[in-house]
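Here the structure is laid out as structure tokens; the discussion comes afterwards.
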Amino acid sequence: MRRRLAVALAALLAMPAPAQDFSSIGNQYIDFGASMASVGQMNNVLGATVRGRSADRPASPPPRAAAPVSTRYRGAPAVSAKVRAQFADFIARADPAHAERLRQTIAAHDLLGLWEKHVATDGLRRGDVADAMAAYWVQNWQIANKVAFASRAQVQAVRGQVARSLGASPAFAKMADAERQAMAETFMLNFVAQGSAFSDAAARGDAAATARLSDAAAARFRKDVKLDLRSLKLTAAGFVG
């Protein structure tokens with residue numbers, strides 16, 4: 001995924017404010033929205049699933065009697081506007097010296113559309129929490145491990161892991177569309193910002209910046225999910241320990 005992201009950003013962020021505008025948020029050890037209860041809760045639901053898997057002990061299949069839980073939601077412009085405003089506030093605080101330019105960058109671009117255009121090659125789409133979480137997890141794994149490419153099969157396998165984990169969560173089943181949308185779009189915006197920062201650093205050949213961003217991705221998951229991304233393998237069956 002990350003190899004294609006650099007190309008997408010070059011085409012879609014063609015303005016005076018380059019992809020490196022997001023370097024501040026990319027360096028953060030915490031995500032935008034990390035304090036959102038639903039984000040942390042669902043990350044930990046998936047984290048528990050991944051921690052329970054190993055290469056020689058695949059996950060048990062879900063009970064046959066359990067009805068599938070949809071991970072889709074109906075989006076509302078008002079929710080997107082609120083999340084976008086909170087995101088702008090977050091990265092402006094992360095880099096006060098360039099706060100106004102960062103706000104202009106966010107206002108001038110359809111960042112969710114950028115996310116959707118990029119992940120479409122992996123069969124992911126907007127309006128689905130599992131798709132947003134899968135893209136975010138795979139990209140953070142790629143950044144932490146400095147892996148340029150993940151296949152569609154690998155991404156879809158992680159998407160399946162996410163969907164099964166969310167489907168088994170009573171808390172997720174109770175979420176209304178607005179809460180699902182806010183959580184999904186939080187994952188999407190983090191994906192764009194963190195991926196932009198890493199792709200820009202790699203394109204510039206800035207080894208120190210790529211190492212810093214890679215360490216930040218690993219630190220986020222150690223702190224927030226209690227999971228070591230560098231000990232995981234990404235396979236055609238998803239993440240395994």
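The values are calculated or read from the model by the stated rules, or taken from the named source; none is laboratory data. Just so we're clear, the structure is a prediction, and the values are computed from it rather than from any experiment. With ideal geometry, Cβ positions are generated from the backbone for all residues, glycine too; neighbour counts draw on all protein chains shown.
I need a count of the residues in the stretch 212-232 that are within 11 Å of Ala144 (Cβ to Cβ) and either part of a helix (DSSP H, G or I) or of a type outside the set (A, V, I, L, M, F, W, C) (or both).
Count: 14.
Of (1) in a helix (DSSP H, G or I); (2) more than 14 Å from Asp131 (Cα to Cα), Val158 satisfies all except one. Which?
Checking Val158 against (1) in a helix (DSSP H, G or I); (2) more than 14 Å from Asp131 (Cα to Cα), the one that fails is (2).
Under 8 Å between Cβ atoms, at least 6 apart or on separate chains: pull out the pairs that start in the stretch 106-127 with a residue that is surrounded by fewer than 22 Cβ atoms within 10 Å (Cβ to Cβ) and end on any residue that is charged (D, E, K, R) and part of a loop (DSSP other than H, G, I, E, B).
Final answer for the pair search is Leu112/Arg126; Glu116/Arg125; Glu116/Arg126; Gly127/Arg74.
Do we find that Val192 is of a type in the set (A, V, I, L, M), within 16 Å of Val138 (Cβ to Cβ), modelled with pLDDT of 95 or more and surrounded by 19 or more Cβ atoms within 10 Å (Cβ to Cβ) in this structure?
no
Considering only residues of the stretch 208-241 that are farther than 11 Å from Asn140 by Cβ and acidic (Asp, Glu), which is surrounded by the fewest Cβ atoms within 10 Å (Cβ to Cβ)?
Filtering first and then ranking leaves Asp228.
Would a scan of the stretch 71-88 turn up a residue that is in contact with a helix residue (DSSP H, G or I) (Cβ under 6 Å, 6 or more places away or on another chain), modelled with pLDDT of 85 or more, over 29 Å from Asp177 (Cα atoms) and among the hydrophobic types (A, V, I, L, M, F, W, C)?
Within the stretch 71-88, none of the residues are in contact with a helix residue (DSSP H, G or I) (Cβ under 6 Å, 6 or more places away or on another chain), modelled with pLDDT of 85 or more, over 29 Å from Asp177 (Cα atoms) and among the hydrophobic types (A, V, I, L, M, F, W, C).
Can you pull out the residues in the stretch 82-105 that are without any contact (Cβ under 8 Å) to a residue 60 or more places away in the chain and either closer than 23 Å to Met175 by Cβ or outside any helix (DSSP H, G or I) (or both)?
Ala85, Gln86 - these are the residues of the stretch 82-105 that are without any contact (Cβ under 8 Å) to a residue 60 or more places away in the chain and either closer than 23 Å to Met175 by Cβ or outside any helix (DSSP H, G or I) (or both).
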